[in-house]
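S.K.: Structure in structure tokens, see below.
Bear in mind that the values in this text are calculations on the coordinates, not laboratory data. Remember, predicted model here, so these are calculated numbers, not experimental data. Every residue, glycine as well, gets a Cβ built from its backbone with ideal geometry; the counts of neighbours run over all protein chains shown.
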Amino acid sequence: MLEENFLEGKGALITGGASGFGRGMGLAYAERGADVVLVDINEKLLEDTSKQINQKTGQKVVPITCDVSKADQVKAMAKQAFSELDNIYLLNNNAGIGLGMKDITKIDEKWFDTTLNVNLKGQWLVAKELSRRMKKQKFTPIAGKIICTASIAGMVVDAGLPAYSISKAGVLALMQLLARTLAPKMTVNAISPGYHVTGIYNNEFQTMKITMDLGHVKTPLNRVGTVDDIVNVSLFLASPLSDFITGHNFPCDGGIAEVGVPAYYTKSNI
Ligand SMILES: NC(=O)c1ccc[n+]([C@@H]2O[C@H](COP(=O)([O-])OP(=O)(O)OC[C@H]3O[C@@H](n4cnc5c(N)ncnc54)[C@H](O)[C@@H]3O)[C@@H](O)[C@H]2O)c1
């Protein structure tokens, strides 16, 4: 059984923490007793989110503005994070950008580079900086946990989201490499969301629906995803219930990646 405050005494650092899944994870962890560092490039939103979570939970919430694709900024962020919190037990490597609807032969170099730099290199830089100290922490049986936000587009590549798909396939490889390298001290797993209304779709259902229609996406469970769907998986991976799991990807997509994309087209309204 999981204790209500199972993250008491533990620190969590979440990149992309100002919005969407990151904000949901920050709140859920703080509600279970964690002190939290939220890292984001959007300074204003980061300040607002951090204040809200602190006011709701009473936990320490530290905002750090940082572009995760820049090595010098990530180094400074890691230093500040470890000076603010006693420990960082959880790292949610979650910051990411989308989308860009051109095909692989048409996307321009700048867009390709930016997407890869933020979504893939950013996760590598942050994991590299933080894991050095996380793996030496005294928690048992696991010294720390990394949870990478990937995507079903990294499992079944989406021709309409080529750079994004490549970046997320890379995140799945990065997750496995980190899991092998950091075992037995740490666990490293990934969550692959499907379609959830967040900042990546300007928080608009309609924008998301256009992306789904262009990709002929059907959702077997016949609803769109929520932030909580992903936060619930993250809570499981953050908890002792998952202490024997490392190197795995957890799709959370209403069944799209397994049965809902062509050629396994299923009937559903969404
Ligand atoms: N929403 C979905 O349906 C969906 C599906 C699959 C995967 N994802 C992934 O989920 C993760 C979280 O995205 P979200 O959906 O919550 O969207 P979101 O836009 O609400 O949140 C992403 C956050 O990342 C921040 N960010 C962007 N670039 C950054 C950078 N260079 N450095 C630091 N922070 C940066 C943004 O400011 C934003 O606050 C992303 O990795 C995204 O690719 C989302």
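S.K.: Please state the charge dipole magnitude for the chain, taken about the Cα centre, from unit charges on C-beta atoms (+1 on K and R, -1 on D and E), reported in debye and rounded to the nearest 20. Before the final figure, lay out each step's value.
M.R.: Numbers: 28 positive and 26 negative charges, 130 e Å.
About 620 debye.
S.K.: Sticking with this one: Could you check how many percent of all C-alpha pairs in the chain are farther apart than 31 Å? Numbers along the way, then the final one.
M.R.: Details: 7760 of 36315 pairs.
So the portion of pairs separated by more than 31 Å is 21 percent.
S.K.: Follow-up. Ranking Tyr265, Tyr201, Tyr195 by Cβ neighbours within 10 Å, fewest first, what do you get? Kindly include the intermediate steps, with their values, before the conclusion.
M.R.: Values: Tyr265 12, Tyr201 19, Tyr195 23.
By the 10 Å Cβ count, ascending, the order reads Tyr265, Tyr201, Tyr195.
S.K.: Running a GNM on the chain with Cα contacts under 10 Å, which residue among Asn202, Asn119, Asn42 ends up with the highest mean-square fluctuation?
M.R.: Largest GNM mean-square fluctuation: Asn202.
S.K.: Below 20 Å, Cα to Cα, which lysines can Lys44 reach? Residues fewer than 8 away in the same chain don't count.
M.R.: The qualifying lysines are Lys56, Lys60, Lys70.
S.K.: Please list, in order, the residues from segment 83-127 whose amide nitrogen is less than 18 Å from a point placed 7 Å along the Cα→Cβ vector of Arg133.
M.R.: 83-93, 124-127
S.K.: Taking amide H positions as placed in the peptide plane 1.01 Å from N, state which residues far from Asn92 in sequence (5 or more) or on other chains have amide H under 5 Å from it.
M.R.: Under 5 Å from the amide H of Asn92: Leu13, Ile14, Thr15, Ile147.
S.K.: Return the lysines within reach of Lys138: Cα separation strictly under 17 angstrom, same-chain partners fewer than 8 residues apart disregarded; answer none if there are no such residues.
M.R.: Leaving aside lysines fewer than 8 places away in the same chain, those within reach of Lys138 are Lys10, Lys185.
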